[in-house]
Amino acid sequence: MYAEFDLLTPAAVGGALDELAKVENEEDCMPLGGGTNLVVDLRARAVAPKVLISVGRLSGLRGIELGEGRVSMGGAVTVSEILRHPERSRFGPALIGAAQVFAGQMVRNTATIAGNICCGSPAADLVPPLLALDAVVRLECSAGSRELPLADYFTGYKSSVRKPNELLTRVWWPEPPAGSASLFYKLARRKGDAITVVGVAVSLARENGICTRARIALGAVAPVVERVRPAEAMLEGNALEPDLIEAAARAAAQQSSPIDDVRASGKYRRQQVFVLVRRLLSRAWRSLSEGDHP
Amino acid sequence: MSPSRTMTLAVNGRPRQVAVAANETLLETLRGMGAVEVKSGCEKGDCGACAVLLDGLAVDSCLCLTWTVAQRAVTTVKGLGTAADPHPLQTAFAERGAVQCGYCTPGFIIAAKSLLDNDTDDPGEDEIRYALSGNFCRCTGYNKILDAVTEAAQVLREEAGVQ
Amino acid sequence: MTDTRSEARGDANVAFRQVGKPLTRIDAPGKALGKTPYAGDYAMPDMLHAKVLRAPLPSARLKHLDVTKARAHPGVACVLTFKDLEKGTVATDIPGQTGFKRLNTDQQILVEEIVRYQGEPIALVAAETVAIAERAIDLIAFELEPMPGVYDMFEAMKPDAPRVFGDDNIVASYKIRKGDVEAGFAAAHVIVENTFSTQHIEHAFVEPEVGLAWVDEQEVVNIRSSTQCIEHFRNIAEALGLRQSKVRVRGAMVGGGFGGKSDITVELYLALLTRATGRPVRLCYSREESFYGHGKRHPFTISHKTGFTRDGRITASKIDITSDSGPYAYMSPYVLIYATEAGPGPYLVENLHIDSRCMATNNMFTTAFRGFGATQACIAYEQQMDEAAKVLGIDRLELRRRNFLKTGDPIATGFEVKSAVWTERCMDLAWEALGECTEASGPVRIGRGIAAYQQAYGRLVWLHDTAEGWVGIELDGTVVVRSGMTDIGAGQTSSLAQIAGEVLGVAMDTITVYNSDSSTTPLAGTSSATRGLYMSGNAVRLAAQAVRGRLGERAARHFGAEPGEIDFADSTVFVAGDRERSISLRELVAICASEGIHRAELAIFRAPFGDKLDPETGQGQVHPDYTFGAHAVEVAVDTETGEVTILKSIGAHDVGQALNPEAVEGQIEGGAAQGHGYALSEELIYDEGRLLTPSLSEYLCPTSMDSPRVQSIILESRSGLGPFGAKGIGEPGHTPAAPAVANAVADAIGVRVFSLPITPEKVCAALEAANSGA
């Protein structure tokens, strides 16, 4: 490959953080997870770091833990590991749905959950479901660590609160309880190995016929993947009648700010936010009323 | 300039010492070592022609930096079988018409092997489609590839049952 | 999933031993084992690596070019610009033609002054490593002054449009005048008018263009490349100022072509660099460079005005055809004549008026692509038939039935087709195979579509096409076939082995095929135009028959029988019906060798020769023969998202004689998949000549998850001009698939999207327009 850089392969997370601590300029050094985005960007000269720190195989960043009401995944957990996990049904169906439509097998075998978040692409497929599941990310540096909601992580197109010396080491979220449902739909130009045109994740909880928690997250229709809080607020505390779902879907479409690109126009994307939010909310709510949790 | 170092890379069970630069992809290293059965089609993970098994899991070798795969077992399509002793996937691809131009074939066989070894030894048609969606074939329309993987899976199950 | 109808066999007494059987292709095991070398897998000691500097703008003047820094960079062996070339131009004339040049298609090899498309090569570099070559490309200083360009084929017609080609931007034009169209329209009860358009399409072979060149001890420039056509050695020699015998092009197994490797790609750059450096040079395009480096499928806009009687008989047809050539000719004139000839489709049209022209623009240049203009024509005429059926209130299949050409009827150019025309049968069988209709639910609607076609095989008769083939038997009874034909993955070499094996009575595994070498294998012409099996298959059949004749004669003497009584099978030669009187082929060959009886033959096969069409009426013969068939499709359309899912896809084709039914299915299945992508997802998007989709994640071919099972219904009329009555199927398998999908989508949603691809967004827009009464 034409890009020139050094590649550090620390043996443990501590070593990686020590190397990151030396970083002065953000552009000079980048952590390398599965490489499925970064190697492409390097070849295209979209980025030109002097140093890469390989973290994709660090044991401290691997493993999926369930317990204490949480689903917790190391940053280097791959998409395939999510799909192959024996307890995957506890992760939240929206996340499984997103993992299932994630690229092709080889990329799924390599791409990591932290990498999908950190690449900052508005079309990153794992991010809408993680937002809908109230995921929290842990950022570590050699001096310590902090946790924050994924919803507060992105600050703009391909930018985030992560400091150059920090590593996204873990993602966790509350294990979805009984009486909740979540769904993800990826609208794309083809069915296999596709880039998302519109990604929608919803998550609902229901008690006594009332929606007690609503999350709607949209991918590929704004500079960042984002939640639609006004629409969520409209739903919470109410029974989800068709009119209300339609109003929430309209609010979601209104909040979206999609652009025109080679895959679709902004106009179509916005229209589809409405269609898909309405469709997924209806399905999720219906499944809860039927006592069936998708 | 990217630094270079000598490392051991085990390809198809044969460890070899190679000088590898930090910026080399596994695809470049393998082809440089003579493993030209690993094909290059897009160099960005869109076509799967360069797929190899890394510790038994199919990956796009164009997206792996070689330094990151030290100590791991690399298997190419040549590591699966030979003319005298072909792997059932190789036999089925050849006999079921799943091979046309053949340029994508090594990647498909690797991806199919990964499916059968890691996910299911008795895949349904949609499971095969799903496992192969990162492999691009322009000649066959995939029909006979589905046939070949189904047949090879059956042969492998029968072989396993006999043993 | 083949349905080979035995009652379709026109010649039941012919008992084939190998032909008609789904034998494992001779090239398949090596490919599955990873043993087969492709052109990119070769390397040589002391080899250099090449890169091409390409213009980032589609229309510009090269104001300044300075390669000093690049030349001085350590490890750079050579940098070539236009000024460094002895002869700056190369002909891009019809590739593989064994005779003289037909069109003036000379064009600059590297940019002299004017850049006419984005990606046009400006300079060539050869260096010690790929990385150094890339660095050298970065070190070339150049300045491009943007010039006004023309990016729309209709804009290109305007008098004030920028001139890209000749005086009027017209690269080629044709017309057909037959009968009396005005009278035909006057007699019509219904006149249906529609305009259909198609997009730029990429071949997307999985193996990007690649080659390796060196100069040998006889001063021959050797070029090993991934090509459909080794006969380029002549144009390359001319461009280099060398004798034709001093350039040798060798192929390898080709990693897909589909027309995109019919033209010269890397070969000339390699030849120039190896001559300049005296060292072997390798050039391998990246995927992105492949998008910029070879010609695309022509976008077409085709307008139909068709008159019908109330009961659905065509009274007149007026067709207007325009295609986008990009700035250079390449195959554009030929593609246009295919589209013109196929304009009205497989229908009898007595009053016909066609005007066609190919316009130069500053879009990417366009060239051969599977189907070669006849596909775009089919996309138009088959959608027009459905629209007409709707207006007339006649069943879509019935309307077609009432107008189909029959054997002996004249096609658009007046040529009467001598072979079987089984379009109707194919259509009925394909439609019937759709079976029970899938049930619609919620916003998802189900639709069905049919498309019938006429697709030529073989080349234009005025090109006087020929192919040679050589067959010989070794002393141990094994057979060798030599043919210049390239193998682009459709089983070309294997089919030659199967033919030779059939004639000589030996199994495929005792046959070795040497192919694709312009100096040592008999020249057979390009593997395109669905001519490989037809031309080279016949040449090898003729050669094998000649060998069989001589050996059979000797065997007859051996047995005291008549030569006509001798049969060949299982590597033995015997008196038919009396296997007791038998000799092994090996023994017979030994006898022949000792007596000096020639055990080999070089044969030539000549396609029918003819003259050009009458320029005023467009009447005459264009092609030797045609394949006919139909494709049926069932789709599900989500009317809210616009997503289309192909549920069923069935191709029914009269292939004349299936040499290898499994290989025929492969052509139908693969051709259909390309048609599915053509209809729904594939599109090279250019913004004022600049490509916005130069990757396989932006240019969307169908994946395994997008591809339904394709059912092949193979009919065998044994009426074709190929070996054993075969017709061609390489292109025909593809031709009707896209319009069948378009018709199915229109059937599902009740409104038509007139431009391909039918994206979800266009489906939604069409539904919206229909609902708002627009």
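Remark: accessible area buried at the C-A interface is about 2200 Å², both chains counted, probe radius 1.4 Å. Translational diffusion coefficient, Stokes-Einstein: compute it for the range C:575-632 using the Kirkwood radius over C-alpha pairs as Rh, at 10 °C and 1.306 mPa s, and state it as an integer in µm² s⁻¹. The diffusion coefficient I find is 91 µm²/s. Counting only Cβ charges, +1 for Lys and Arg and -1 for Asp and Glu, the dipole size of the range B:88-162 around its Cα centre is about 420 debye. Taking the Cα atoms only, what angle lies between the long axis of helix A:266-289 and the longest principal axis of chain A, rounded to 10 degrees? Orientation of helix A:266-289: about 70 degrees from the principal axis. Placing +1 on the Cβ of every Lys and Arg and -1 on the Cβ of every Asp and Glu, with nothing else charged, gives chain B a dipole about its Cα centre of roughly 740 debye. Close amide H partners of C:Ile566, meaning residues 5 or more places away or on another chain with modelled amide H under 5 Å apart, are C:Ala576. For the Cα atoms of chain A, what angle does the longest principal axis make with the long axis of helix A:242-255, in degrees from 0 to 90, nearest 10? So the helix axis and the longest Cα principal axis differ by about 30 degrees. Heavy-atom accessible surface of chain C, averaged per residue, reaches 32 Å², computed with a 1.4 Å probe. Residue-wise HN-Hα couplings along the range C:17-32, as the Karplus relation 6.51 cos²θ - 1.76 cosθ + 1.60 with θ = phi - 60° gives them from phi, are 9, 10, 4, x, 10, x, 6, 5, 4, 5, 8, 6, x, x, 5, 6 Hz; Gly and Pro carry x.
Near the amide H of C:Val111, within less than 5 Å, lie the amide hydrogens of C:Ile122, all on another chain or at least 5 residues away, with H placed in the peptide plane. Around the Cα centre of chain C, unit charges on the Cβ atoms of Lys, Arg, Asp and Glu (plus for the first two, minus for the last two) sum to a dipole of about 1180 debye. Shielding value for B:51-59 is 4, the average number of Cβ atoms from other chains within 10 Å of each residue's Cβ. Using only the Cα atoms of the range B:1-153, each taken as one equal point scatterer with no solvent, compute I(q) by the Debye sum, divide by I(0), and report log10 of the ratio at q = 0.19 Å⁻¹. Here the Debye-derived log intensity ratios amount to -1.11. In µm²/s, what is D for the range C:659-728 at 10 °C and 1.306 mPa s, where D = kT/(6 pi eta Rh) by Stokes-Einstein and Rh is the Kirkwood radius from Cα pairs? Diffusion coefficient, whole number: 108 µm²/s. With the full set of protein chains in place, find how many percent of the accessible area of the protein assembly as shown is carbon and sulfur; take the probe as 1.4 Å. Carbon and sulfur together cover 49 percent of it. When the C-alpha to C-alpha distance is required to be over 32 Å, the pairs from C:Lys35/C:Lys261; A:Lys158/C:Lys31; A:Lys163/C:Lys51; C:Lys21/C:Lys406; C:Lys158/C:Lys727; C:Lys31/C:Lys83 that qualify are A:Lys158/C:Lys31; A:Lys163/C:Lys51; C:Lys158/C:Lys727; C:Lys31/C:Lys83. Peptide packing: for C:576-588, A:84-96, the average count of neighbouring Cβ atoms within 10 Å per residue gives the ranking A:84-96, C:576-588, highest mean first.
Taking a straight Cα-Cα cut-off under 14 Å and skipping sequence neighbours fewer than 8 places away in the same chain, the aspartates and glutamates within cross-link reach of C:Lys390 are C:Glu193, C:Asp311, C:Glu382, C:Glu398, C:Asp747. Between C:Ile729, C:Ile749, C:Pro37, whose Cα lies farthest towards the positive end of the dipole of chain C when Lys and Arg beta carbons carry +1 and Asp and Glu beta carbons carry -1, centred on the Cα centre? Result: C:Pro37. Per residue of peptide B:18-26, the mean number of Cβ atoms on other chains within 10 Å of the residue Cβ is 4. Normalised by residue count, the range B:88-162 yields a Cα convex hull volume of 73 Å³ per residue.
Rg and Dmax over the alpha-carbon atoms of the range C:466-606 stand at 15.1, 46 Å. Other residues whose C-beta falls under 13 angstrom from the C-beta of B:Gln90 contribute a net charge of +1, scoring Lys and Arg +1 and Asp and Glu -1.
The phi torsions of the range C:452-461, fed into the Karplus equation with coefficients 6.51, -1.76 and 1.60 and a -60° offset, translate into couplings of 10, 7, 10, 10, 5, 10, x, 9, 3, 5 Hz, rounded to whole numbers, with Gly and Pro shown as x. Within the range C:158-280, antiparallel bridges make up roughly 55 percent of the DSSP beta bridges whose residues both belong there.
Report summary: the helix-based calculation at 222 nm, which adds -39500 (n - 2.57) for every DSSP H run with n ≥ 4 and divides by the residues of chain C, gives -7500 deg cm²/dmol. Averaging the Cα positions of each part gives two centres, and for the range B:142-163 and the range C:660-686 these lie 26 Å apart. Orientation-averaged projection of the protein assembly as shown equals 49.2 nm² [convex hull of Cα atoms, one quarter of hull surface area].
Average the reciprocal distances over every distinct pair of alpha-carbons in chain A, invert the result, and give the Kirkwood radius in Å. Radius from the Kirkwood sum: 19.5 Å. Put the Cα centre of the range B:58-104 next to the Cα centre of the range C:494-569 and the gap is 35 Å. Solvent-accessible area per residue in the range A:59-174 equals 34 Å², computed with a 1.4 angstrom probe and all protein chains kept. Sorted largest first, the principal axis extents computed over the alpha-carbon atoms of the range C:244-376 equal 72, 30, 29 Å. Each listed q (0.14, 0.15, 0.26, 0.28 Å⁻¹) maps to a log10 I(q)/I(0) for the range A:116-176 from the Debye sum over equal C-alpha point scatterers, namely -0.36, -0.42, -1.18, -1.31. Taking amide H as placed 1.01 Å from N in the peptide plane, the amide H of C:Val421 sits under 5 Å from that of C:Thr407, each at least 5 places away or on another chain. Between the range C:359-435 and the range C:253-270, the alpha-carbon centres lie 30 Å apart. Positive end of the dipole of the protein assembly as shown (Cβ unit charges, origin at the Cα centre): among C:Pro327, C:Ile223, C:Ala136, the Cα lying farthest that way belongs to C:Ala136.
Oblate is the label for the range A:6-54, because a/c, from the alpha-carbon gyration tensor with a ≥ b ≥ c as root eigenvalues, is 1.5 or above and a/b does not exceed b/c.
Taking every alpha-carbon pair under 8 Å whose residues sit at least 6 apart, the range B:4-79 reaches a relative contact order of 37 percent. Couplings for the range C:720-725, taken from phi via the Karplus curve 6.51 cos²θ - 1.76 cosθ + 1.60 with θ = phi - 60°, read x, 8, x, x, 6, x Hz in order; Gly and Pro are left as x. Per residue of peptide A:76-83, the mean number of Cβ atoms on other chains within 10 Å of the residue Cβ is 1. For a distance above 17 Å, tell me the whole-number percent of Cα pairs in the range C:174-289 that qualify. Beyond 17 Å sits 64 percent of the P(r) for the range C:174-289.
Classify chain C: rounded, prolate or oblate, from the alpha-carbon gyration tensor (a ≥ b ≥ c, eigenvalue square roots; a/c under 1.5 rounded; otherwise prolate if a/b is larger than b/c)? The shape class here is oblate.
Of all beta bridges that DSSP places with both ends in the range B:4-79, some 90 percent have antiparallel geometry. If you fit an axis through the alpha-carbon atoms of helix B:143-162 and take the longest principal axis of the Cα set of chain B, what angle between them do you get, 0 to 90°, nearest 10? The angle comes out at about 90 degrees. Under the membrane-span-like helix rule (DSSP H runs whose alpha carbons stretch at least 27 Å along the helix axis, mean Kyte-Doolittle hydropathy -0.5 or higher), chain C yields C:538-559, C:661-680. Taking only the C-alpha atoms of the range B:4-79, the Rg (one decimal) and the largest Cα-Cα distance, Dmax (whole number), read 11.0, 30 Å. When the Cα gyration tensor is reduced to axis lengths a ≥ b ≥ c, the ratio a/c is 1.5 or higher for the range A:180-289, and with a/b above b/c it is classed as prolate. For chain A, the mean residue ellipticity at 222 nm estimated from helices alone is -8500 deg cm²/dmol, where every DSSP H run of n ≥ 4 contributes -39500 (n - 2.57) and the total is divided by all residues, rounded to the nearest 500.
The values are calculated or read from the model by the stated rules, or taken from the named source; none is laboratory data. Just so it is clear, the model here is predicted, and its values are computed rather than measured. Cβ atoms come from the backbone with ideal geometry, glycine included; neighbour counts cover every protein chain shown. These accessible areas exclude ligands, DNA and RNA; they are computed on the full protein's heavy atoms, side chains included. Shrake-Rupley method; radii C 1.70, N 1.55, O 1.52, S 1.80 Å.
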